[in-house]
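The values are calculated or read from the model by the stated rules, or taken from the named source; none is laboratory data. Since the structure is predicted, the reported quantities are computational estimates derived from the model, not experimental observations. Positions of Cβ are backbone-derived with ideal geometry, glycine not excepted, and every protein chain shown enters the neighbour counts. Surface areas here come from the heavy atoms of the whole protein model, side chains and all, with no ligands, DNA or RNA. Shrake-Rupley method; radii C 1.70, N 1.55, O 1.52, S 1.80 Å.
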Amino acid sequence: MDFNKEAYFQRQTILPEIGEEGQDLLQKAKVLVIGCGGLGSPIAIYLATSGIGELHLVDFDTVSVSNLHRQVFFKVEDIQQPKVEVLANEIKKRAPFTKVTFTNDAVCKNSILDLISNYDVVVEGTDNLQIKYLINDACVLTKKPLVYGSLYKFDGYVATFNVLNGDGDYTCNLRDAFPIIATDIPNCEEAGTLNPVVGITALLQVNEVIKLITKTGKLLTNQLLIYNVLENSQFKMKLKKNKSLIFQDIFKNSNYLDAHCTTQDSALLITASELKNRLNSKNIEIISVYNNENTFLPFEAYQKMPYKTFNAAEFIPNFDKDYVIVCKKGITSYDVTLKLKEKYPSLNVFSLFEGIDTY
């Protein structure tokens with residue numbers, strides 16, 4: 001079916017603040033969306049239907065049952081399918097004037113600079129705090145604006161970082177808001193979240209992108225918007241730029257705990273099929289390192305040792321056992337496995353490859 005572009009965008013172009021000129025700016029824009037879950041999936045759909053000309057999606061994950069309650073553009077039949085592929089197909093059904101491409105992989109330090117350099121605006125919708133800083137630092141280095149979003153229980157956080165201002169300088173970035181990367185903040189899987197705050201936060205990010213591209217309205221620059229859905233309250237935290245930061249050095253010296261870009265030693269891994277075959281063995285002892293000890297597992301865990309409080313020195317091993325460490329994606333479990341192997345070199349300890357998600 002052929003669509004008339006003028007008719008498609010008529011409700012938007014009738015706004016004098018947007019008009020045909022603003023719509024043309026959207027059509028010429030190239031936007032990168034990193035993370036296609038609760039935030040990224042509605043961001044991508046709404047940006048495409050707003051008229052963004054080129055949209056590139058990046059995510060390594062597949063759709064799971066627990067996603068469906070808040071990642072509303074995924075369906076039951078999409079479970080175990082790559083998020084980026086499903087989302088790209090949904091966009092093609094809705095947005096005939098947007099070219100959509102995708103990368104079914106995690107962002108990595110060794111490739112992110114090249115990736116970001118191809119786009120006008122970067123939108124961040126990940127749930128990994130270290131990766132948020134990686135994206136932020138890469139945007140500073142490549143001089144790209146970053147529309148940031150984050151969630152914690154009933155709060156949504158939104159800001160537009162690193163925008164070139166009138167005096168030739170750039171506005172504040174994530175390190176101005178949070179100078180130190182916190183290590184004790186649980187993600188949505190661990191802390192929980194209410195689905196309205198996910199959608200609200202995502203659409204606030206979309207709003208920032210549209211204003212940024214069309215040069216309309218007031219951006220959330222040099223401030224962080226915090227919206228609470230329980231109180232229907234919002235607070236804008238003013239930010240001050242730290243001009244002493246040398247991002248070339250920060251980027252060079254940070255590893256961003258880039259677990260997806262690190263090759264895991266196969267000798268320390270056990271696959272789902274291998275574990276299933278050995279599950280009834282009395283020699284196997286499974287340890288869950290989920291921070292939420294009440295997380296459902298498809299098998300019994302003999303021990304629950306939350307990752308945030310794990311200390312290898314406090315672990316008392318039985319060298320007659322084979323230990324299997326499990327988590328959601330096989331990242332934190334692998335880190336625990338490395339620590340235990342370093343502490344007890346002769347211990348038989350393995351990480352469940354790619355975690356419970358693929359079990």
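Below are the figures for this structure:
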item: Residue within the range 91-109 that is open to solvent by 30 Å² or more (accessible area, probe 1.4 Å), of a type in the set (A, V, I, L, M, F, W, C) and not in a helix (DSSP H, G or I) present; result: yes
item: Selected residue [touching a residue at least 12 places away in the same chain (Cβ under 8 Å), touching a Phe, Trp or Tyr at 6+ places or on another chain (Cβ under 9 Å) and more than 24 Å from K109 (Cβ to Cβ)] from E17, E90; result: E90
item: Scope the range 114-138; condition in a loop (DSSP other than H, G, I, E, B), open to solvent by 20 Å² or more (accessible area, probe 1.4 Å) and either in contact with a strand residue (DSSP E or B) (Cβ under 9 Å, 6 or more places away or on another chain) or in contact (Cβ under 8 Å) with a residue 60 or more places away in the chain (or both); matching residues; result: N118, Y119, D120, T126, D127
item: Count - residues of the range 1-57 that are in a strand (DSSP E or B), under 30 Å from T193 (Cα atoms) and either among the charged types (D, E, K, R) or open to solvent by 10 Å² or more (accessible area, probe 1.4 Å) (or both); result: 1
item: Residues of the range 58-68 classified as in a loop (DSSP other than H, G, I, E, B) and either surrounded by fewer than 21 Cβ atoms within 10 Å (Cβ to Cβ) or of a type in the set (F, W, Y) (or both), total; result: 4
item: Check on D105, touching a Cys at 6+ places or on another chain (Cβ under 6 Å) and acidic (D, E); result: no
item: Checking T358 against (1) in contact with a helix residue (DSSP H, G or I) (Cβ under 9 Å, 6 or more places away or on another chain); (2) under 29 Å from D137 (Cα atoms); (3) not aromatic (F, W, Y), the condition it does not meet; result: (2)
item: All strands (runs of 3 or more DSSP E) inside the range 192-300 with 2 or more residues being of a type outside the set (D, E), more than 19 Å from the chain's Cα centre (by Cα) and loosely packed, with under 14 Cβ neighbours inside 10 Å; result: 233-238
item: Test for K109: is it more than 29 Å from N195 (Cβ to Cβ), in contact with an Asp or Glu (Cβ under 6 Å, 6 or more places away or on another chain) and charged (D, E, K, R); result: yes
item: Tabulated pairs, the range 273-294, first within 17 Å of Y307 (Cβ to Cβ) and touching a residue at least 24 places away in the same chain (Cβ under 8 Å), second in a loop (DSSP other than H, G, I, E, B) and open to solvent by 90 Å² or more (accessible area, probe 1.4 Å), C-beta under 6 angstrom, 6+ apart or interchain; result: I286/Y302
item: Condition broken by P306, with the remaining ones in (1) open to solvent by 80 Å² or more (accessible area, probe 1.4 Å); (2) under 23 Å from the mean Cα position of the chain (by Cα) satisfied; result: (1)
item: Test: V86 is buried (at least 17 other Cβ atoms within 10 Å of the Cβ) and under 16 Å from T214 (Cβ atoms); result: no
item: Those residues of the range 210-257 which are over 15 Å from V147 (Cβ atoms), free of Cβ contacts under 8 Å to residues at least 60 places away in the same chain and among the charged types (D, E, K, R), in sequence order; result: E231, K236, K238, K243, D249, K252
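Quick grid of which residues meet (1) touching a residue at least 24 places away in the same chain (Cβ under 8 Å); (2) open to solvent by 50 Å² or more (accessible area, probe 1.4 Å); (3) in a helix (DSSP H, G or I); (4) within 14 Å of S273 (Cα to Cα):
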| position | (1), (2), (3), (4) |
| --- | --- |
| D320 | yes, yes, no, no |
| Y323 | yes, no, no, no |
| G330 | yes, no, no, no |
| S333 | yes, no, yes, no |
| V336 | yes, no, yes, no |
| E342 | yes, yes, yes, no |
| S346 | yes, yes, no, no |
| E354 | yes, yes, no, yes |
| D357 | yes, yes, yes, yes |
